[in-house]
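This report concerns only the one structure given below.
Readers should treat all values here as calculations from the given coordinates under stated rules, not as data from a laboratory. All figures in this text were calculated on a predicted structure; none of them were measured in a lab. Cβ: placed from backbone, ideal geometry, glycine included. Neighbour counts: every protein chain shown.
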């Protein structure tokens with residue numbers, strides 16, 4: 001939990017809103033990143049959810065990717081999602097928006113997303 005909290009606060013610029021200091025200290029923490037609160041919860045069993053991931057919506061995906069890369073975050077290579085999609089490095093551009101995937105220190109899949117919808 002300490003490693004995950006450090007990633008979300010120091011690397012992604014979040015803030016710890018709440019974290020127990022007793023027996024539950026390593027079970028959960030409430031974090032706020034870019035105006036959104038979410039909870040980090042340690043699983044009792046290391047089950048793997050194949051399609052679950054968290055999405056951070058941002059206004060400028062190029063700047064977001066560059067900022068996180070400068071902080072040591074490694075992005076996966078972008079992948080075509082359809083015949084009209086375009087890949088530039090880790091970013092995939094589609095008619096509905098742009099996306100880039102990376103993992104946190106615990107191996108959780110995360111996505112930066114910039115919408116083209118107004």
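Placing R0 at 25 angstrom, the Cβ-Cβ distance between residue 81 and residue 17 gives a FRET efficiency of 0.15 after rounding to 0.05.
Across every direction, the projection of the convex hull enclosing the Cα atoms of region 52-118 has a mean area of 4.6 nm². Rounded to the nearest 500, the helix-only mean residue ellipticity at 222 nm of the chain stands at -3500 deg cm²/dmol, with each DSSP H run of n ≥ 4 adding -39,500 (n - 2.57). For residue 66 and residue 39, a Förster radius of 25 Å and the Cβ-Cβ distance give a FRET efficiency of 0.30, rounded to the nearest 0.05. Can you tell me the 0 to 90 degree angle between the C-alpha axis of helix 61-70 and the longest principal axis of the chain, rounded to 10? The two axes meet at around 50 degrees.
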